[in-house]
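Written below as structure tokens is the structure these notes are about.
The values are calculated or read from the model by the stated rules, or taken from the named source; none is laboratory data. Quantities reported herein were computed from a predicted structural model and do not represent experimental measurements. Counting neighbours? That spans all protein chains shown, and the Cβs are built from the backbone with ideal geometry, glycine included. Just so you know, the surface numbers come from the protein's heavy atoms only, side chains and all, with ligands and any DNA or RNA stripped out. Shrake-Rupley method; radii C 1.70, N 1.55, O 1.52, S 1.80 Å.
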Amino acid sequence: MKLFHRTSYLKKLRPFYDSDLIKVVTGIRRCGKSCLLKTVIEELRGAGIEESRIAYLDLDARGNRKITTPDQLDTLIEQSINLGLPGTKYLFIDEVQNVSGFEKVINGYREEGDISIFITGSNSYLLSGELATKLTGRYIEIEMFTLSFAEYLEMKKFLGRTLSPTAQEFDEYLTYGGFPQTLEFTDAQAKADYIESVVAQIFDKDIREHSKVRNKEAFDRVLTYVINNFGAPTNFGNMEEHFRNVENIAIRRETIARYVDLLINAKILYKCERFDLKSRKSLRGDEKYYLADPGIYFARNTDARINYGPALENVLFVYLKTQGLRISVGRIGKLECDFIVRKREDYAYIQVSMTIADRNVEEREYRPFSKIKDAYPRYLFTLDPLLQKRDGVKHLNLLQFLEEQGEIL
């Protein structure tokens, strides 16, 4: 089967194909990590690497589900690749966190030399504990996301689908999201069922197996609340009151905070902290949470109408994350800047709005920029076809920016 190549991730991996650094690919389940490894294998074969030097092990595959101990993993590796061959061998292990204690095995092969190791995992536990301790300075992490809008369009072409006008495609992307396999379905309910099954699988494999969730109903209430309020300032005390007074269920704020952390570790959510421009320090409380994929909201709600405000923020937030940028919500006195983006010592300030055709909305969006005293670039993203020139702010069409895979830093 011909594979769709995610070129931006391949570019990040190529410099390390023959490095002894362990290549760790992380990302939410079903975002395309397995296919990425397989496209790396395709490139190695194209470069003349013999099949006997390559081993691909999928620990989620039916035949490998009983591989749960380090010794079993070690045996499987020895059976799958000829380690006695001179020169570099290439080992790919998908969903390696299924084996408790895999770190010792991986580190042992790395120390033997002449083997380039690629591993994937679907949650943040992969880089916690022993792996981070044993492999400090000896691994490179590539975080993978669901399809960006540009990749979404490219993959539809790859699959031979006829593209609708770009604005219509963008609405579909904001609704159904970018899980690659959703593009196989044309029926909206089938897309929702698939995404819901992914979320259920994440709970079973990436949350329940690592943490004790005694009250699944309470956990699901927290999950639903955060999904329905993505992109809004979130206060755990207010959530506790909501559950007690509105939903008639008692969930302590400490439990809410723990459940949200579990969702972040499972890569369903991303936290966007607040940052004070005056003190240049991060602030605690009222953080915003964004979804790993727009389709998660659609799958959990019967109302498929798009709330463009948070939806546009969400899609831009995740896109900027793919570029390795640090993103915060900015506080400027009593005003808020949607995003402050940082790359080392460089900053950029971003406002996002569906439109500024209304003069009052325009003034609201430009007001935070007027309070910023430094000379770092300022961006206003909207869906307006006609772009404003004002106060040195770069007014960009978000749809065009995403389609052309633009950069700001």
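Between Cys35, Cys31, which is in a helix (DSSP H, G or I) and touching a residue at least 40 places away in the same chain (Cβ under 8 Å)? Going through Cys35, Cys31 in turn, just one is in a helix (DSSP H, G or I) and touching a residue at least 40 places away in the same chain (Cβ under 8 Å): Cys35. Residues in the range 159-207 that are open to solvent by less than 30 Å² (accessible area, probe 1.4 Å) and part of a loop (DSSP other than H, G, I, E, B) were compared, and the one that is farthest from Met144 (Cα to Cα) is Gly177. Checking the structure you have, find out if any residue of the range 222-231 is hydroxyl-bearing (Ser, Thr, Tyr) and either touching a helix residue (DSSP H, G or I) at 6+ places or on another chain (Cβ under 6 Å) or open to solvent by 40 Å² or more (accessible area, probe 1.4 Å) (or both). Looking for residues that are hydroxyl-bearing (Ser, Thr, Tyr) and either touching a helix residue (DSSP H, G or I) at 6+ places or on another chain (Cβ under 6 Å) or open to solvent by 40 Å² or more (accessible area, probe 1.4 Å) (or both), one finds at least one in the range 222-231, hence yes. I'm trying to understand the selection: among the residues of the range 142-200, which are closer than 26 Å to Leu383 by Cβ and small (Gly, Ala, Ser)? Residues satisfying the conditions are Ser148, Ala150, Ser164, Ala167, Gly177, Gly178, Ala188, Ala192.
Restricting the range 359-373 to residues that are under 18 Å from Val329 (Cβ atoms) and among the charged types (D, E, K, R) leaves a set whose member that is surrounded by the most Cβ atoms within 10 Å (Cβ to Cβ) is Glu365. I'm trying to understand the selection: among the residues of the range 138-158, which are part of a helix (DSSP H, G or I) and either within 19 Å of the chain's Cα centre (by Cα) or of a type outside the set (Lys, Arg) (or both)? Those that are part of a helix (DSSP H, G or I) and either within 19 Å of the chain's Cα centre (by Cα) or of a type outside the set (Lys, Arg) (or both): Phe149, Ala150, Glu151, Tyr152, Leu153, Glu154, Met155, Phe158.
Looking across the range 45-56, the residues that are outside any loop (DSSP other than H, G, I, E, B) and either at positive phi or open to solvent by 10 Å² or more (accessible area, probe 1.4 Å) (or both) come down to Arg45, Gly46, Glu51, Ser52, Arg53, Ile54, Tyr56. For the range 243-251, the criterion of being part of a helix (DSSP H, G or I) and small (Gly, Ala, Ser) is satisfied by no residue at all. Of all the residues in the range 35-70, those that are hydrophobic (A, V, I, L, M, F, W, C) and under 26 Å from the mean Cα position of the chain (by Cα) number 8. In the range 91-111, how many are under 26 Å from the mean Cα position of the chain (by Cα) and under 26 Å from Glu43 (Cα atoms)? Residues meeting the conditions: 8. Would you check which residues across the range 295-317 are open to solvent by less than 40 Å² (accessible area, probe 1.4 Å) and over 29 Å from Glu407 (Cα atoms) and list them? Of everything in the range 295-317, those that are open to solvent by less than 40 Å² (accessible area, probe 1.4 Å) and over 29 Å from Glu407 (Cα atoms) turn out to be Ala299, Asn301. Out of all the residues in the range 93-101, is one or more at pLDDT 95 or above, surrounded by 18 or more Cβ atoms within 10 Å (Cβ to Cβ), hydrophobic (A, V, I, L, M, F, W, C) and assigned to a strand (DSSP E or B)? Yes, some residue in the range 93-101 is at pLDDT 95 or above, surrounded by 18 or more Cβ atoms within 10 Å (Cβ to Cβ), hydrophobic (A, V, I, L, M, F, W, C) and assigned to a strand (DSSP E or B). Residue pairs whose Cβ atoms lie under 8 Å apart, separated by 6 or more positions or on different chains, with the first residue in the range 104-120 and acidic (Asp, Glu) and surrounded by fewer than 19 Cβ atoms within 10 Å (Cβ to Cβ) and the second modelled with pLDDT of 95 or more and not in a helix (DSSP H, G or I), are Asp114/Thr88; Asp114/Lys89. Can you tell me how many residues within the range 58-92 are surrounded by fewer than 14 Cβ atoms within 10 Å (Cβ to Cβ), within 17 Å of Lys205 (Cα to Cα) and not small (Gly, Ala, Ser)? Selection size over the range 58-92: 3.
Tell me which residues, restricted to the range 380-409, are modelled with pLDDT of 95 or more, of a type in the set (S, T, N, Q) and part of a loop (DSSP other than H, G, I, E, B). Across the range 380-409, the qualifying residue is only Gln405. Taking the range 208-219 as the range and being open to solvent by 60 Å² or more (accessible area, probe 1.4 Å), under 20 Å from Lys267 (Cα atoms) and not charged (D, E, K, R) as the test, only His210 passes. Within the range 274-285, the set of residues being open to solvent by 60 Å² or more (accessible area, probe 1.4 Å) and among the charged types (D, E, K, R) comprises Lys278, Arg280, Lys281, Arg284.
Note on the range 388-407: residues that are free of Cβ contacts under 8 Å to residues at least 12 places away in the same chain and either small (Gly, Ala, Ser) or open to solvent by less than 80 Å² (accessible area, probe 1.4 Å) (or both) total 1.
Leu21 falls short of the stated requirement of being under 23 Å from Phe102 (Cβ atoms) and crowded, with 18+ Cβ neighbours inside 10 Å.
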